[in-house]
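Enquirer: Below is one structure. I have some questions about it.
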Amino acid sequence: MASSRLFWASRAASYLKISVFHRGFSTVLKDLKYADTHEWVKIDGASAIVGITDHAQDHLGDVVYVELPEVGAAVTQGSSFGAVESVKATSDIISPISGKVVGVNEELNNSPGLVNSSPYEDGWIIKVEVSDANEAKTLMGADDYSKFCEEEDAKH
């Protein structure tokens, strides 16, 4: 009984994933803020989690390596703190917020593809102690970011 339920659930998940990609645009989560360089940040009080967006990973292709900063390193809004290497290209990761790195996703050392398969959850890149929460006001919300991606893709 449990195995048939599991089978149904995995079929449902496969179906849902397929239907998401047929919409023709990337997943954008409502409770995140977005930079025009395709990083996302989830701010919770004085701490934040940073990663690259679904749109970015889709354009990069299969990620084969993620260059992570050291814990304790300072990050500055608009400046590079690492890189994502894919089969197509290497791209800098630009910090959407300033602060101090308090955690890095060590899982990415062994499984860089998490950035592709789960950009907003398992594929997060760094955790930051935020130095200026007002910087978040300069970032885009979900609707603005979706529009930004559509306009950018229309140019290419």
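Enquirer: For segment 86-100, give me the residue count where each residue is part of a loop (DSSP other than H, G, I, E, B) and farther than 17 Å from SER47 by Cβ. I'd like the intermediate steps shown before the answer.
Expert: We begin by selecting, within segment 86-100, every residue part of a loop (DSSP other than H, G, I, E, B); these are 87-89, 95-98.
Those still in the list that are farther than 17 Å from SER47 by Cβ too: 87-89.
Qualifying residue count, segment 86-100: 3.
Enquirer: Still on this structure, please answer the following. On the basis of being farther than 17 Å from GLU39 by Cα and over 16 Å from the mean Cα position of the chain (by Cα), does ASP153 make the cut?
Expert: Numbers: farther than 17 Å from GLU39 by Cα: no; over 16 Å from the mean Cα position of the chain (by Cα): yes.
When the stated conditions are applied, ASP153 does not pass them.
Enquirer: Return a yes/no flag: does segment 135-142 have any residue that is among the basic types (Lys, Arg), touching a residue at least 12 places away in the same chain (Cβ under 8 Å) and either out of contact with any helix residue (DSSP H, G or I) (no Cβ under 9 Å at 6 or more places or on another chain) or surrounded by fewer than 19 Cβ atoms within 10 Å (Cβ to Cβ) (or both). If you could, list the steps in order and put the result at the bottom.
Expert: We begin by selecting, within segment 135-142, every residue among the basic types (Lys, Arg); these are 137.
Then keep just the ones that are touching a residue at least 12 places away in the same chain (Cβ under 8 Å); that gives none.
The answer is no, given that none of the residues of segment 135-142 is among the basic types (Lys, Arg), touching a residue at least 12 places away in the same chain (Cβ under 8 Å) and either out of contact with any helix residue (DSSP H, G or I) (no Cβ under 9 Å at 6 or more places or on another chain) or surrounded by fewer than 19 Cβ atoms within 10 Å (Cβ to Cβ) (or both).
Enquirer: Let me ask you something else. Would you mind stating whether HIS38 is touching a helix residue (DSSP H, G or I) at 6+ places or on another chain (Cβ under 8 Å), surrounded by 15 or more Cβ atoms within 10 Å (Cβ to Cβ), at pLDDT below 95 and within 22 Å of GLU152 (Cα to Cα)?
Expert: Here the answer is no, as HIS38 does not meet what is asked.
Enquirer: Looking at segment 37-59, which of its residues are aliphatic (A, V, I, L, M) and either under 12 Å from the mean Cα position of the chain (by Cα) or more than 19 Å from SER118 (Cβ to Cβ) (or both)?
Expert: We begin by selecting, within segment 37-59, every residue aliphatic (A, V, I, L, M); these are 41, 43, 46, 48-50, 52, 56.
Correct list: VAL41, ILE43, ALA46, ILE49, VAL50, ILE52, ALA56.
Enquirer: When you check SER146 against the structure, is it at pLDDT 95 or above, surrounded by 14 or more Cβ atoms within 10 Å (Cβ to Cβ) and small (Gly, Ala, Ser), yes or no? Step through it out loud before you land on a result.
Expert: On the way: at pLDDT 95 or above: no; surrounded by 14 or more Cβ atoms within 10 Å (Cβ to Cβ): yes; small (Gly, Ala, Ser): yes.
Here the answer is no, as SER146 does not meet what is asked.
Enquirer: Please name all residue pairs, on different chains or six or more residues apart, with Cβ atoms under 8 Å, provided the first residue is in segment 94-121 and is farther than 11 Å from VAL66 by Cα and free of Cβ contacts under 8 Å to residues at least 40 places away in the same chain and the second residue is buried (at least 20 other Cβ atoms within 10 Å of the Cβ) and of a type outside the set (A, V, I, L, M, F, W, C).
Expert: Partner pairs satisfying both residue conditions: SER98/GLU135; SER117/GLY123.
Enquirer: Next question. State whether the residues of segment 145-156 include one that is out of contact with any Asp or Glu (no Cβ under 6 Å at 6 or more places or on another chain) and of a type in the set (Lys, Arg).
Expert: Of segment 145-156, the ones out of contact with any Asp or Glu (no Cβ under 6 Å at 6 or more places or on another chain) are 145-156.
Keeping just the survivors that are of a type in the set (Lys, Arg) gives 147, 155.
Within segment 145-156, one or more residues are out of contact with any Asp or Glu (no Cβ under 6 Å at 6 or more places or on another chain) and of a type in the set (Lys, Arg).
Enquirer: Quick one: is ALA83 small (Gly, Ala, Ser), surrounded by fewer than 18 Cβ atoms within 10 Å (Cβ to Cβ) and either in a strand (DSSP E or B) or out of contact with any Lys or Arg (no Cβ under 8 Å at 6 or more places or on another chain) (or both)?
Expert: The answer is yes for ALA83.
Enquirer: Report, by residue number, each residue of segment 91-100 that is surrounded by fewer than 20 Cβ atoms within 10 Å (Cβ to Cβ), closer than 22 Å to THR27 by Cα and out of contact with any helix residue (DSSP H, G or I) (no Cβ under 7 Å at 6 or more places or on another chain).
Expert: Residues of segment 91-100 that are surrounded by fewer than 20 Cβ atoms within 10 Å (Cβ to Cβ), as a first pass: 91-92, 98, 100.
Still in the running and closer than 22 Å to THR27 by Cα: 91-92.
Once the filter is applied, which keeps residues that are surrounded by fewer than 20 Cβ atoms within 10 Å (Cβ to Cβ), closer than 22 Å to THR27 by Cα and out of contact with any helix residue (DSSP H, G or I) (no Cβ under 7 Å at 6 or more places or on another chain), segment 91-100 yields only ASP92.
Enquirer: Among the helices (runs of 4 or more DSSP H) contained in segment 101-156, which hold 3 or more residues that are under 22 Å from THR27 (Cα atoms)? Spell out the reasoning first.
Expert: Numbers: elements: 107-110, 114-117, 142-155.
Helices (runs of 4 or more DSSP H) meeting the threshold: 114-117, 142-155.
The values are calculated or read from the model by the stated rules, or taken from the named source; none is laboratory data. What you see is a predicted model; the values in this text were computed from it and never measured. No Cβ is skipped: glycine too gets one built from the backbone with ideal geometry, and neighbour counts run over all protein chains shown.
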